[in-house]
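Student: Here's a structure for you.
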Amino acid sequence: MTDDNLALVTKRLDAMRGLTANWDGYHANVIDPAVIESVAGFCRELPADTGAPYVVPIGNGTVQLEWHDGPKLLEMEFESPTVIVYLKWHPEAGVCEEGLIPATDIAGAAELLVWFRPPQTIPPHQGDNDDHAAMVRDYRRLLDDEAEWKRIRAEQLGLFTFL
């Protein structure tokens, strides 16, 4: 990952360190500091041509990296400091693959990124990035969008979920 992209990721991870319990208004856990450190170390090891992901806090105290390109997406959730759960999703190409890789498996992550080929930059948060309240509002919006996406995905797969 380039220095500029790594700086974007680091800034977002640093902001997550300040999130308190219930940061999303839905009883979210504090983001696990060991997970934040694992994500930071992982990103430092990624190939230089890796685009910066969206860095999303998850209500259970974990962190997810996301790369989006239209309907195509790659998600890597650090469920612990040592385990990544990934999702490769491209409905137009019939791709829906989930799996686990160790957080130290940079080669495995690079293979996933080769499949995706993300853009090199990410858009800034809406509002002031240094304003904690604005960041929380942006993350709440992302969580609402994620819940809707999961509902649609479950319908497409013929699954039922309670969100």
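The values are calculated or read from the model by the stated rules, or taken from the named source; none is laboratory data. Because the structure is predicted, anything quoted here is derived from the model rather than measured. We place every Cβ from the backbone using ideal geometry, glycine too, and count neighbours over all the protein chains shown.
Student: Which of the following residues is assigned to a strand (DSSP E or B), in contact (Cβ under 8 Å) with a residue 24 or more places away in the chain and farther than 17 Å from R117 by Cβ: V39, V56? Give the derivation first.
Tutor: Numbers: V39 fails: assigned to a strand (DSSP E or B).
None of the other options fit; the residue is V56.
Student: Hey, another quick one. What is the one condition in (1) surrounded by 21 or more Cβ atoms within 10 Å (Cβ to Cβ); (2) out of contact with any Asp or Glu (no Cβ under 8 Å at 6 or more places or on another chain) that G70 does not satisfy?
Tutor: (1)
Student: Related question: Can you tell me which condition E77 does not meet? The list is (1) under 14 Å from M1 (Cα atoms); (2) modelled with pLDDT of 95 or more; (3) of a type in the set (D, E), and all the others hold.
Tutor: Among (1) under 14 Å from M1 (Cα atoms); (2) modelled with pLDDT of 95 or more; (3) of a type in the set (D, E), the lone unmet condition for E77 is (1).
Student: Let me ask something else. I'm checking my understanding of the structure. Among residues of the range 11-34 that are among the aliphatic types (A, V, I, L, M) and either assigned to a loop (DSSP other than H, G, I, E, B) or touching a helix residue (DSSP H, G or I) at 6+ places or on another chain (Cβ under 9 Å) (or both), which one is surrounded by the fewest Cβ atoms within 10 Å (Cβ to Cβ)?
Tutor: The qualifying residue surrounded by the fewest Cβ atoms within 10 Å (Cβ to Cβ) is A21.
Student: Sticking with this structure for a sec: Filter the range 97-109 for residues that are over 15 Å from W67 (Cα atoms) and surrounded by 13 or more Cβ atoms within 10 Å (Cβ to Cβ) and give the result.
Tutor: Those that are over 15 Å from W67 (Cα atoms) and surrounded by 13 or more Cβ atoms within 10 Å (Cβ to Cβ): I101, A103, T104, D105, I106, G108.
Student: Kindly provide the set of residues from the range 40-65 that are buried (at least 21 other Cβ atoms within 10 Å of the Cβ) and within 16 Å of G18 (Cα to Cα), ordered by number.
Tutor: V55, P57, T62, V63
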